[in-house]
Amino acid sequence: MNNWESNLFITDGTIATYQQRENLRQFKLIAEPIAHNILPEITLDALGYNGSTPGPMIVVKQGEWVELEVENRTQEPTSLHVHGLAKPNTQDGRPPIEPTPKINPGESYTYKFQAWQAGTFFYHSTQNFQENLGLVGAFIVLPNNLYTHPVLLPDRDYTMIVQQWEIEQPELGKVFPGTYKPIKYGTKPNYFTINGKCFPETSPLHTAFGERLRLRFINKSSSSHSMHTHGHDFNVVEVDGFTRTGMMDDTISLASGKRIDVEVIANNPGKWPINGTKTFHESNNGHTPGGMITQLIYQE
Amino acid sequence: MNNWESNLFITDGTIATYQQRENLRQFKLIAEPIAHNILPEITLDALGYNGSTPGPMIVVKQGEWVELEVENRTQEPTSLHVHGLAKPNTQDGRPPIEPTPKINPGESYTYKFQAWQAGTFFYHSTQNFQENLGLVGAFIVLPNNLYTHPVLLPDRDYTMIVQQWEIEQPELGKVFPGTYKPIKYGTKPNYFTINGKCFPETSPLHTAFGERLRLRFINKSSSSHSMHTHGHDFNVVEVDGFTRTGMMDDTISLASGKRIDVEVIANNPGKWPINGTKTFHESNNGHTPGGMITQLIYQE
Amino acid sequence: MNNWESNLFITDGTIATYQQRENLRQFKLIAEPIAHNILPEITLDALGYNGSTPGPMIVVKQGEWVELEVENRTQEPTSLHVHGLAKPNTQDGRPPIEPTPKINPGESYTYKFQAWQAGTFFYHSTQNFQENLGLVGAFIVLPNNLYTHPVLLPDRDYTMIVQQWEIEQPELGKVFPGTYKPIKYGTKPNYFTINGKCFPETSPLHTAFGERLRLRFINKSSSSHSMHTHGHDFNVVEVDGFTRTGMMDDTISLASGKRIDVEVIANNPGKWPINGTKTFHESNNGHTPGGMITQLIYQE
């Protein structure tokens, strides 16, 4: 039996709790207004699942069934879609096009489907820009033990969800403290987060010399982000849950809706940035350094 | 002999008529001002070919010669470039750099070249932002029968051209009816179309259980669009007219100038969105749902 | 012995001079304010290395050691990072995260590392948007002779760095002459350059029938650019210094931080645009033609 599940991490986030019933995992997500700090001095009047944005990371094993109960404590109808991972039409969560309900305020709905495909996915609201206000989270399907060779097992497996936020600020170049409701359209983003935090508030990833790391990058934002690991090349091993080969690289273009898994061999000790390369995305409203930067730190 | 040509569709569009003269197809495109509805309440004072934007879909067979007569009924000089599909310098349509004429108002010019490469291409004006006002259309070269194995033939082959438009609207969040001249620079687009229509005006794609579909996505807009099929993974089979292998996916980043052909096996009955994943692009000026969404509907 | 190094070109740019000491090349870069013309009538109050933006193209051979002395003659601290090409933590140039110094005004610092990987890289400042003001340049590592087969040698090898600039202009649609300090945040770029020049000031690339060309596209800007060669398909041979196979194409999406090397066979004589396909990027503040266009011209 492998220990992949115990090697999963999401910095600044949590892994969703669940009830296991034979070959079924039951999760509960509460969509609700939250006060969320992307920086100590910037509080977002946002939406979250179970009190946070991104919501808790859901983890299941390939072949298991999943029950996702979504309770709506927001002011508007919501619905939940797991992006990728084909499901029956009634369980896909995109009304009014699909025959799947809108969940009204105060109501709950339970989605049920099988996690037939291993890979990196994400869940999000499909209603009225609620994704831009925070209703998004990681959804990881680990490969069935039968198909998992020991050489595939990462020593540590980190998930990073990138998000961007547009909030009112009088001008560019500094951070104006306060509590803000994000502008839902998000066409002029000025704050950029990894797992809900702006640098320098992003918690670092840790490793030790010789480890193999898997980094799962997830983007539901409306921009592409070029994610770069300093000091390390990597092997792109999966794109959107499907295997890729022959794709060594040092920078990936992570477009909206995409998930890219890379493997890094920890062979270069130090303290290294992992960051988006678009310069404005490495700032907090134009104040540098900030934004979409985290760190990979080797244990001494 | 295969029937690929009869399996081609372009929702909300037309296929160009032509004269066949032995191994030559002759087409005529009239560039002209048009009134075009992207929604019932939004009329664009746009430019089109033969009365529509995108213009009619041109279809030829690999190895055939093509004559494209372009008549200019607009107020400005124009010129036409088929993007991709290498041609002699005089037939490429990019003056003043190339030795190919600008076509003045009231004049016509005929381009002639051989369609040596099968694949998905597009034609567009290369003058003064006329592409942003509507002068674009699909150009499909079907493989020569000699090279077409029955297993390659799709049951239905749908082309989708994505476009974006910037029009004056007093604020975001709703649709302000009227007739508008698009702002040609297009740096702040607020309406997003598939084959010239915003959701919910986009006509659906149809399929039946067990069919193999080819979807050809074409982007001449100035943004990337992440195109996603709900309920179905797909195989990326061609990029810009060149074969790709080993690229299963569920979301593609369709950058400016790119054409991506995917194959979908219709194995999951229902009514499914096919959409761009950037949230603002799924709205009409910020009103949801809208924009770059269409549907894949299974026959009962 | 191959002559690859003598086949390297950078239009409108220079190749950095150096001191060779056995297996070491020593370069000196002076970061300083410069007056730089992207058009005859538009002067940027920019930053450059050794008097230009992009800075001089650094060329080394795989396996050589590199010493890069950076002298700071600007008003602010700076630091220099060679993007890609993994290096020891102290030589990577990303303070305050890494243990590598900020270089204060009037001071110098020398980075030293081995060019173990052949490929296309770039160097840039990592401080306070200085990249957006001009502090960027190409860094090319040619393959070790031992690994270079004659069939790999291009007849000409051209590097193109794309940049974008945001400057104050009263309105879109024409070029307002003057001297401008670029807005460092660069969120609304209106001028687009290849090797520091806007079309029609971009100097053309030259070729002769039958040659094999390598084109190295480098993007440190904060947008993706879709680079397209008229009249010629190409083979994508390297992405970010790593080999790719089976990737014929005619248009590449060059995201922020990416370097894409393509090979073109010069088989179609004439005068051809090489350009970004986003329409606004082919203009100078909305005046067409302009921006990110250069030409490939065959010798008569």
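The values are calculated or read from the model by the stated rules, or taken from the named source; none is laboratory data. This structure is a prediction, so every number in the text was calculated from the model and none was measured. Don't worry about glycine lacking a Cβ; one is built from the backbone with ideal geometry, like all the others, and counts go over all protein chains shown.
For the reader, a short list of remarks on this structure follows.
- So A:G93, is it touching a Gly at 6+ places or on another chain (Cβ under 6 Å) and crowded, with 19+ Cβ neighbours inside 10 Å: no
- Qualifying residue in the stretch B:129-147 (condition: over 26 Å from B:A35 (Cβ atoms), of a type outside the set (F, W, Y), touching a residue at least 12 places away in the same chain (Cβ under 8 Å) and out of contact with any Leu (no Cβ under 9 Å at 6 or more places or on another chain)): yes
- Search result, residues across the stretch A:142-160 that are surrounded by 19 or more Cβ atoms within 10 Å (Cβ to Cβ) and more than 23 Å from A:W116 (Cβ to Cβ): A:Y158, A:M160
- Residues being out of contact with any Cys (no Cβ under 9 Å at 6 or more places or on another chain), farther than 23 Å from A:Y185 by Cα and β-branched (V, I, T) are entirely absent from the stretch A:33-51.
- Among the residues examined, B:T193 qualifies as in a strand (DSSP E or B) and either crowded, with 19+ Cβ neighbours inside 10 Å or facing another protein chain (nearest Cβ under 9 Å) (or both).
- Restricting the stretch B:210-222 to residues that are among the charged types (D, E, K, R) and out of contact with any His (no Cβ under 9 Å at 6 or more places or on another chain) leaves a set whose member that is farthest from the other protein chains (Cβ to nearest Cβ) is B:R214.
- Checklist (1) in a loop (DSSP other than H, G, I, E, B); (2) out of contact with any helix residue (DSSP H, G or I) (no Cβ under 9 Å at 6 or more places or on another chain) applied to C:P289, failing item: (2)
- Qualifying residue in the stretch A:115-128 (condition: over 30 Å from A:V264 (Cβ atoms), assigned by TED's automatic domain parsing to the domain that holds A:L8 and without any contact (Cβ under 8 Å) to a residue 40 or more places away in the chain): no
- Filtering the stretch C:223-239 to residues that are part of a loop (DSSP other than H, G, I, E, B), over 15 Å from B:D240 (Cβ atoms) and either among the aliphatic types (A, V, I, L, M) or in contact with a His (Cβ under 9 Å, 6 or more places away or on another chain) (or both) leaves only C:S223.
- Among all residues of the stretch B:59-73, there is at least one that is surrounded by fewer than 18 Cβ atoms within 10 Å (Cβ to Cβ) and small (G, A, S).
- Criterion violated by B:H232 - all others in (1) within 8 Å of another protein chain (Cβ to nearest Cβ); (2) over 22 Å from B:D12 (Cβ atoms); (3) more than 21 Å from the chain's Cα centre (by Cα); (4) modelled with pLDDT of 95 or more satisfied: (2)
- Only residues that are surrounded by 24 or more Cβ atoms within 10 Å (Cβ to Cβ), more than 7 Å from chain B (Cβ to nearest Cβ) and either assigned to a loop (DSSP other than H, G, I, E, B) or not hydrophobic (A, V, I, L, M, F, W, C) (or both) were counted in the stretch C:241-280, giving 7.
- All conditions in (1) in contact with a His (Cβ under 8 Å, 6 or more places away or on another chain); (2) more than 7 Å from every other protein chain (Cβ to nearest Cβ); (3) under 30 Å from A:T78 (Cβ atoms); (4) surrounded by fewer than 24 Cβ atoms within 10 Å (Cβ to Cβ) hold for B:M292, with the sole exception of (4).
- Scanning the stretch C:86-105 for residues that are at the interface with chain A (Cβ under 8 Å from one of its Cβ atoms) and part of a loop (DSSP other than H, G, I, E, B) returns C:A86, C:K87, C:P88, C:D92, C:R94, C:P96, C:I97, C:E98, C:P99.
- Residue check, B:S203 away from chain C (no Cβ under 14 Å) and among the polar types (S, T, N, Q): yes
- Pick from the stretch B:106-117, criterion outside any strand (DSSP E or B) and surrounded by fewer than 22 Cβ atoms within 10 Å (Cβ to Cβ), ranking: nearest to the other protein chains (Cβ to nearest Cβ): B:Q117
- In summary, B:F209 fulfils each of the numbered conditions (1) part of a loop (DSSP other than H, G, I, E, B); (2) among the hydrophobic types (A, V, I, L, M, F, W, C); (3) closer than 27 Å to B:V175 by Cα with the single exception of condition (3).
- Those strands (runs of 3 or more DSSP E) of the stretch A:1-51 in which at least 3 residues are touching a strand residue (DSSP E or B) at 6+ places or on another chain (Cβ under 8 Å) and within 21 Å of A:N72 (Cβ to Cβ), considering only elements entirely within it, cover A:24-39, A:42-49.
- The residues in the stretch B:169-190 that are buried (at least 18 other Cβ atoms within 10 Å of the Cβ), closer than 13 Å to B:H287 by Cβ and either assigned by TED's automatic domain parsing to the domain that holds B:E131 or touching a strand residue (DSSP E or B) at 6+ places or on another chain (Cβ under 6 Å) (or both) can be counted, and the count is 1.
- Candidate set: the stretch C:64-85, residues that are in contact with a Leu (Cβ under 9 Å, 6 or more places away or on another chain) and assigned to a loop (DSSP other than H, G, I, E, B); chosen: the one farthest from the other protein chains (Cβ to nearest Cβ): C:E64
- Within the stretch A:152-177, the residues that satisfy the criterion of being aliphatic (A, V, I, L, M) and out of contact with any His (no Cβ under 6 Å at 6 or more places or on another chain) are A:L152, A:L153, A:M160, A:I161, A:I167, A:L172.
- Residues that are within 14 Å of chain C (Cβ to nearest Cβ) and either assigned to a strand (DSSP E or B) or over 23 Å from the mean Cα position of the chain (by Cα) (or both), drawn from the stretch A:165-174: A:Q169, A:E171, A:L172, A:G173, A:K174
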